[in-house]
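The values are calculated or read from the model by the stated rules, or taken from the named source; none is laboratory data. No experiment lies behind these values; they were computed from the predicted model shown. Neighbour counts are summed over all protein chains in view; Cβ atoms, including those assigned to glycine, are modelled from backbone coordinates with ideal geometry.
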C-alpha cells in the first residue's frame, strides 16, 4: 500500500499570532455573546429561517447567522432586541462583516 506524502509545515511558532489575537479579542461572552444571546439567536432563527439578503434577491437560502444591524459596540442596549437583528446565511454575513470592518456602508 502506498504511503502518504509528507506534509509541508511552516517552520516556527505558527499558533502564536493566533493566540495573541484571541487574547486581544477576548472571549465570546465578553463581547456580548453569552447564554442569553444564544437563546435569543435560536429563537430568532426559528422564527426567521431564511436569509434576508438572499430573499430580497429572489433566492431561498436557509439563515444560519444572526446579524446585528447596529453593532453591539454602537448600541449595546439593542443586543437582544429583535428589531435590531436580521437573519443571514454565512456568505451574506461574512460579506456584511467584511464591509463593516472596511468602514463601508452596510446593507
Being modelled with pLDDT under 85 and either in a strand (DSSP E or B) or out of contact with any strand residue (DSSP E or B) (no Cβ under 6 Å at 6 or more places or on another chain) (or both) is the requirement here; does residue 13 meet it? yes
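Give the residues of segment 45-59 that are in a loop (DSSP other than H, G, I, E, B) and touching a helix residue (DSSP H, G or I) at 6+ places or on another chain (Cβ under 7 Å), sorted by residue number. Quick ask: steps written out before the conclusion?
Of the residues in segment 45-59, the ones in a loop (DSSP other than H, G, I, E, B) are 48-49, 51, 57-59.
Matches in segment 45-59: 51 only.
Answer with yes or no whether residue 59 is modelled with pLDDT of 95 or more, surrounded by fewer than 17 Cβ atoms within 10 Å (Cβ to Cβ) and touching a strand residue (DSSP E or B) at 6+ places or on another chain (Cβ under 6 Å).
no
Would you confirm whether any residue within segment 88-97 is more than 19 Å from residue 41 (Cα to Cα), surrounded by fewer than 13 Cβ atoms within 10 Å (Cβ to Cβ) and within 13 Å of the chain's Cα centre (by Cα)? I'd like the intermediate steps shown before the answer.
So the first thing to find is which residues in segment 88-97 are more than 19 Å from residue 41 (Cα to Cα), and the list is 95.
Next, only the ones that are surrounded by fewer than 13 Cβ atoms within 10 Å (Cβ to Cβ) stay: none.
No, segment 88-97 has no match at all.
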Would you mention how many residues in segment 16-42 are surrounded by 10 or more Cβ atoms within 10 Å (Cβ to Cβ), within 23 Å of residue 74 (Cβ to Cβ) and modelled with pLDDT of 70 or more? 8
Of everything in segment 64-86, what is more than 11 Å from the chain's Cα centre (by Cα), surrounded by 13 or more Cβ atoms within 10 Å (Cβ to Cβ) and outside any loop (DSSP other than H, G, I, E, B)? Give them in sequence order. 78, 82, 84, 85, 86
